[in-house]
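J.: Just passing along the structure, written as structure tokens.
Derivation of every value follows stated rules applied to the coordinates shown; laboratory data play no part. Keep in mind the model is a prediction, meaning the values are calculated, not measured. Cβ placement follows ideal geometry from the backbone for every residue including glycine, while neighbour counts extend to all protein chains displayed.
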């Protein structure tokens, strides 16, 4: 099942998510949805209860209205096996937190994040870890800009 790339969530702060099997990058935006900022990287252990607790605490601490999850598509826009896994994660995230989840095309964000960190005096390991949060920032900022440009609500969107 393929979901629309850009969907709306209720007014308020949103967290951007760059999903990975071991690390999940997290970014947040302001309540006015003007700018996204990298927040953290969550190391997953496969313990769904611990992961659910992390995202529930994140939602409460950041007063989130929803999540935007980066959807990895092929260069031609078609879905991939990883996109199916990300959609399953998004459905789990919505159930775990009770918040709406939207999706945003994340093609090339990891490469762009790595480029942004290239000249920053961090070790290779720290750059790799930080790039997940920066990739989440890029996903969230792209979604914010799409919403501002009127590219939001697709049929079945998650509006309040």
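J.: Please order 24, 35, 17 by the number of other Cβ within 10 Å, starting at the fewest.
T.: Working: 24 23, 35 12, 17 30.
Arranged by neighbour count, lowest to highest, 24, 35, 17 become 35, 24, 17.
J.: In nm, to one decimal, how far is the modelled label at residue 85 from the one at residue 149, with both set 7 Å along Cα→Cβ?
T.: That separation, rounded to one decimal, is 2.9 nm.
J.: A follow-up question, please. Multiply the residue separation of residue 11 and residue 75 by 0.36 nm, subtract the distance between their alpha-carbon atoms, and state the gained length in nm to one decimal. Write out the running numbers ahead of the final one.
T.: Numbers: separation 64, 0.36 × 64 = 23.04 nm, distance 3.13 nm.
Gain in length upon complete extension: 19.9 nm.
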